[in-house]
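Reviewing the structure listed below.
The values are calculated or read from the model by the stated rules, or taken from the named source; none is laboratory data. As the structure is a computational prediction, the values presented were derived from the model and not from experiment. As a convention, Cβ positions derive from the backbone with ideal geometry for all residues, glycine included, and neighbour counts pool all protein chains shown. In case anyone asks, the SASA skips ligands and DNA or RNA and just uses the protein heavy atoms, side chains included. Shrake-Rupley method; radii C 1.70, N 1.55, O 1.52, S 1.80 Å.
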Amino acid sequence: MDSLSKLSISHLMEEGTGTIENFSFDEPMKFDGIKTKSNVRGKLEIMKIDEGVNAKFEDVEVKVEFECEKCLKGFTEKISVEAEERQFLSEAPEKTEDPNDLFIIDMKHYQIDLTEPLRQEIILHFPSIRVCSSGCLGICQVCGKDRNKTKCECKEQPSNANKPLAKLKSLIKN
Ligand SMILES: [Zn+2]
Ligand SMILES: [Zn+2]
């Protein structure tokens, strides 16, 4: 099949509403703000609708590099998108609620660019907690050493939560 950024739908545009074409893809893709570490794989169903086409992704998988929130080391995690769909319109509507949700068919070449819808879905499926492992010890708040590699002698700093209480105690004493 063609690249997902220039998917030809010229054949489908001649067909009636409800006509479906199925694709599977496995290709390297670049997205703004995402460090991909593998090809993007998945299935795609394009259906002709009155206003243009409906693009449905299924079983999308890609490996993405993240930075551990605790130790700041890079780690790779597989992102999976089960099923999502987006519509591509043959012409821009007069009013749009959210321009980020608006996708228009390139009517000159009868192509659609699936990069942005895919980018949005991949980001929506990012892990909520980004740590390299559940046992990551993180970086020492005092000396800045990676505690996964070096055991430092620093004592835990008193947390800020205790400070107001200490102040209150001294006020009571006075
Ligand atoms: Zn870590
Ligand atoms: Zn330390």
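Among residues that are assigned to a strand (DSSP E or B), out of contact with any Lys or Arg (no Cβ under 8 Å at 6 or more places or on another chain) and in contact (Cβ under 8 Å) with a residue 40 or more places away in the chain, Val62 is not included.
In summary, Lys48 fulfils each of the numbered conditions (1) outside any loop (DSSP other than H, G, I, E, B); (2) within 17 Å of the chain's Cα centre (by Cα) with the single exception of condition (2). Considering region 22-63, and only residues there that are in contact with a helix residue (DSSP H, G or I) (Cβ under 9 Å, 6 or more places away or on another chain) and either basic (Lys, Arg) or within 16 Å of ligand 1 (Cβ to nearest atom) (or both), the residue that is least open to solvent (accessible area, probe 1.4 Å) turns out to be Lys48. Considering Asp32, Asp26, the condition of being of a type in the set (Asp, Glu), more than 30 Å from Lys149 (Cβ to Cβ) and touching a residue at least 60 places away in the same chain (Cβ under 8 Å) is satisfied by Asp32 alone. If a residue has to be more than 21 Å from the chain's Cα centre (by Cα) and at positive phi to count, how many in region 2-43 make the cut? Adding up the residues that qualify gives 1. Is it true that Ser159 is modelled with pLDDT under 80, among the polar types (S, T, N, Q) and within 16 Å of ligand 2 (Cβ to nearest atom)? When the stated conditions are applied, Ser159 passes them.
Would you pick out the residues in region 84-99 that are surrounded by 10 or more Cβ atoms within 10 Å (Cβ to Cβ) and out of contact with any Lys or Arg (no Cβ under 6 Å at 6 or more places or on another chain)?
Our first condition is that a residue be surrounded by 10 or more Cβ atoms within 10 Å (Cβ to Cβ); within region 84-99, this holds for 84-93, 96.
Correct list: Glu84, Arg86, Gln87, Phe88, Leu89, Ser90, Glu91, Ala92, Pro93, Thr96.
Just give me the residues in region 11-21 being in a loop (DSSP other than H, G, I, E, B) and either among the small types (Gly, Ala, Ser) or exposed (fewer than 13 other Cβ atoms within 10 Å of the Cβ) (or both), in sequence order. Even if it seems obvious, please write down each step before you answer.
Going residue by residue through region 11-21, those that are in a loop (DSSP other than H, G, I, E, B) are 14-19.
Across region 11-21, the qualifying residues are Glu14, Gly16, Thr17, Gly18.
Applying the set (1) assigned to a strand (DSSP E or B); (2) loosely packed, with under 14 Cβ neighbours inside 10 Å to Glu69 leaves exactly one unmet item: (1).
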